[in-house]
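Chemist: To start, I am sharing the structure in question, which I have written as structure tokens.
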Amino acid sequence: MKMPENEIKAIVAEALAEHHRLQQENINAIVLKAVASVLASFGIEDDDRRELRADLQHLRRWRRSVEQAQSYTLKAVITMIATGLMGAVWLGVKVVLGK
């Protein structure tokens, strides 16, 4: 007895989908195990995830504050240089006009 072609296609598609799902599960398990292994080699266990997240958030806030301080420092330096130049020009004008 011959099976219809559409039934064969459906069975093959279902088998391929199941194979893909199983393969994806295996890949996910391997990646999770590799990441856990790398973190463990740095001394970070699975239970430390919350602390690690808090540490990384703190580092991000610290980095942003340092970048902001650098920006303010640059603006202050530019302001001081401009003020010094304006003062020098003013003194030069006073000296020239005073003669």
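Chemist: Can you give the calculated 222 nm mean residue ellipticity of the chain, where each DSSP H run of n ≥ 4 adds -39,500 (n - 2.57) and the sum is split over every residue, rounded to the nearest 500 deg cm²/dmol?
Modeler: It comes out at -32500 deg cm²/dmol, rounded to the nearest 500.
Chemist: For a quick check: sort Met1, Met80 by the number of other beta carbons within 10 angstrom, fewest at the front. Walk me through the numbers on the way to the answer.
Modeler: Values: Met1 2, Met80 10.
Ordered from fewest to most neighbouring Cβ atoms within 10 Å, Met1, Met80 come out as Met1, Met80.
Chemist: Under 16 Å Cα-Cα from Lys9, which aspartates and glutamates qualify once same-chain neighbours fewer than 8 residues away are excluded?
Modeler: Glu18
Chemist: Which one, [x] 34.1, 120; [y] 11.8, 32; [z] 13.5, 41, gives Rg and Dmax of the Cα atoms in Å as derived from the coordinates shown?
Modeler: Label [x] holds the value from this structure.
Chemist: For the Cα atoms of the chain, what angle does the longest principal axis make with the long axis of helix 49-98, in degrees from 0 to 90, nearest 10?
Modeler: With rounding to tens, the tilt is 20 degrees.
Chemist: Now a separate question. Any idea how far apart Gln70 and Lys33 come out in nm if each label point goes 7 Å out from Cα toward Cβ?
Modeler: The answer from the label model is 4.2 nm.
Chemist: Please compute the Kirkwood hydrodynamic radius over segment 49-99, one decimal place, Å, based on all pairs of different Cα atoms.
Modeler: Values: mean 1/r = 0.0699 Å⁻¹.
In segment 49-99 this quantity evaluates to 14.3 Å.
Chemist: Report the full-extension gain for the segment Val95 to Arg50: residue separation times 0.36 nm, less the Cα-Cα distance, to one decimal in nm.
Modeler: Details: separation 45, 0.36 × 45 = 16.20 nm, distance 6.71 nm.
That works out to 9.5 nm of additional length.
Chemist: Going by alpha carbons, how many degrees (0 to 90, nearest 10) lie between the helix axis of 5-41 and the longest principal axis of the chain?
Modeler: Helix 5-41 sits at roughly 50 degrees to that axis.
Each value in this text was obtained by applying a stated rule to the coordinates, not by laboratory testing. In this text the structure is predicted, and so the values were computed from the model without any measurement. FYI the Cβ positions are ideal-geometry reconstructions off the backbone, even for glycines, and counts take in every protein chain you see.
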